[in-house]
């Protein structure tokens, strides 16, 4: 059927909407890497990237069986994250990330989701949601707010190049967001 992906800033509502789509509309919710997997000691350099591919493969299997999957976060996130924060010496060089994904794409191990939905809201609303959500720490929240504008540029390029359809949605009420997603062709 289809594979959709929800993206956007921390606290924008990706997980809430993903879970709603699962609970009320039969999507299979595929959580982000850090919720699905425990990081190993002495983590191999490609461990996180490989888990992103694994998430995609789960979504693909659901789609092949006639279901709909919702990825809670972009499986290509390391590409744009390392591009945006390329000055961070703790991240792998962008060239290494690009090479991994290029090889994975060429091998057919991963593809772009059929449709991206980039959720948006105001900084003030993001901060209020972060402060009211006691279930998650959201470490690096302020740093991650710097992702918003470059992330928009990335997803507009993805759409423009025809790699995937991208829609930007105001993240207000989760039910209203889910209905907007369901109404997309």
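Quick notes on this one:
- Our compactness index for region 98-185, the C-alpha radius of gyration over the empirical 2.2 N^0.38 Å, is 1.30.
- Share of pairwise Cα-Cα distances greater than 18 Å in region 1-79 is 41 percent (whole percent).
- Sorted by Cβ neighbour density within 10 Å, fewest at the top, the residues 129, 39: 39, 129
- Extended-chain gain in nm, criterion 0.36 nm per residue less alpha-carbon gap, residue 136 and residue 50: 28.5 nm
- Extent along the principal axes, Cα only, for the chain: 40, 39, 35 Å, with the longest axis given first.
- Per residue Cα convex hull volume in Å³ - calculated over region 33-124: 138 Å³
Coordinate-derived values only; no laboratory data. What you see is a predicted model, and the numbers here were worked out from it, not measured in a lab. Counting neighbours? That spans all protein chains shown, and the Cβs are built from the backbone with ideal geometry, glycine included.
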